[in-house]
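Each remark here refers to the structure printed beneath this line.
The values are calculated or read from the model by the stated rules, or taken from the named source; none is laboratory data. Only a predicted model underlies this, so the values are computations on that prediction, with no experimental measurement involved. Positions of Cβ are generated from backbone atoms using ideal geometry, with glycine treated the same way; all protein chains shown enter the neighbour counts. The accessibility values were calculated without ligands, DNA or RNA, using every heavy atom of the protein model including side chains. Shrake-Rupley method; radii C 1.70, N 1.55, O 1.52, S 1.80 Å.
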Amino acid sequence: MKREERRQAIMDLLVEHREVDLDDLAERFAVSKMTIHRDLDELEQAGVLRKVRGGATADSGTQFESDFRIRARQDAAAKERMARAALELIEPGMTVMINDGSMAAVLGSMLPEKRPLTVITNNAAILDGLRDEPGITLLGLGGVYSAKFNGFFGVVTEAALSQLRADIAFVSTPAVADLKAFHMDDNVVRSKQKMMGAASRRCLLVNHTRFGRTALHTLADLDRFDWVITDDQPAGDAAKEIEAAGLKLMIAKD
């Protein structure tokens, strides 16, 4: 097996299992542990995974979020449920902002059901999916392209957002704890915050497994959002804390 084929196979295993074991990989591909170490090092540098003792993981950490190519292939049913719940908040004729991320991309693919709409986004997957859709006025936010997040960020993105207004903004996050949303990348945080500031109403999208986690940067207090949508009951007391704070938690069921 060629090196690139082996690394793609490692990515496929991460999608399926979320983590891989170094010894198992060496045995599976009939190569040395040092070769697997080099593979994991390069995939880590590319932002695909995070090395841990004895292997690697695609799960997020305080300073790590896996590559868009990994996230886009995970949790399809959960994303579908959350996107359907979010779609119910949209009415034809609205101006809608949607941020980067694989969860947001699923919602973006459903937007033609609510046409006519004006859609403002820095999400490359949404831009690609909606560019030929009739009834969709598409405003693409420029900036520096990030392959890791499959979106556009930076000064140009933020400047454009400061000149725009929307009826509703959909913002996703990889971590929620203590009634706050977090993200590990400062450029991504700034673009999300700009979207929130430019919208009349705001909706947070977060997988139920991401509750009880933090990341390097605080994105926003949860009371900045009109709705918090998740795919299942969060573990622990997260749901009770959110409801006790007077916030609206929507659990998207089948």
(request) Return the label of the correct value of mean projected area of the Cα convex hull in nm², as calculated from the structure shown, out of (i) 13.9; (ii) 13.2; (iii) 18.7. (result) (i)
(message) Quick check: from the Cα gyration tensor, does the range 165-216 come out rounded (a/c under 1.5), prolate or oblate?
(response) oblate
(message) For the range 115-239, take every pair of Cα atoms, bin their distances at 10 Å starting from 0, and report each bin as a whole percent.
(response) 13, 42, 35, 10, 0
(message) Need one number: % antiparallel among DSSP beta bridges in the range 110-160, to the nearest 5.
(response) 45
(request) At 1.4 Å probe size, with no ligands or nucleic acids counted, give the accessible surface of ASP59 in Å², nearest ten. (result) 50
(request) In nm, give the distance between the simple-model label positions of ASP186 and ASP232, each being 7 Å from the Cα along the Cα-to-Cβ direction. (result) 3.6
(message) For a Förster distance of 22 Å, can you work out the FRET efficiency between the beta-carbons of GLN8 and SER109, rounded to the nearest 0.05?
(response) 0.35
(message) Over the chain, what is the relative contact order in percent, taking alpha-carbon pairs closer than 8 angstrom and at least six residues apart?
(response) 15
(request) Just grab the label-to-label distance for LYS240 and PHE29, each label 7 Å out from Cα along the Cβ direction, in nm (one decimal). (result) 4.6
(message) Restricting to DSSP H runs of at least four residues, report the calculated mean residue ellipticity at 222 nm for the chain, -39500 (n - 2.57) per run over all residues, nearest 500 deg cm²/dmol.
(response) -10500 deg cm²/dmol
(message) Under a crude label model (7 Å from the Cα following the beta-carbon direction), how far is ARG53 from ALA76 in nanometres?
(response) 3.6
(request) Compute, for SER172, the solvent-accessible surface of its heavy atoms (probe 1.4 Å) with the complete set of protein chains present, and express it in square angstrom to the nearest 10. (result) 20
(request) Nearest 5 is fine: what % of DSSP beta bridges in the range 41-191 come out antiparallel, could you say? (result) 50
(request) Would you please name the trypsin sites (Lys or Arg not before Pro) within the range 93-194 that are DSSP coil residues with at most 10 other C-beta atoms within 10 Å of their C-beta? (result) ARG131
(message) Only bridges whose two residues both fall in the chain count here: according to DSSP, what percent of them are antiparallel, nearest 5?
(response) 40
(request) Mind checking the per residue accessible area of the chain for me, 1.4 Å probe, whole number of Å²? (result) 46
(message) With a cap of 16 neighbouring Cβ atoms within 10 Å, and only residues DSSP puts in a loop, list the trypsin sites (Lys or Arg not before Pro) found in the range 1-42.
(response) LYS2, ARG18
(message) Apply the a/c threshold of 1.5 to the C-alpha gyration tensor of the range 77-141 and tell me whether it is rounded, prolate or oblate.
(response) oblate
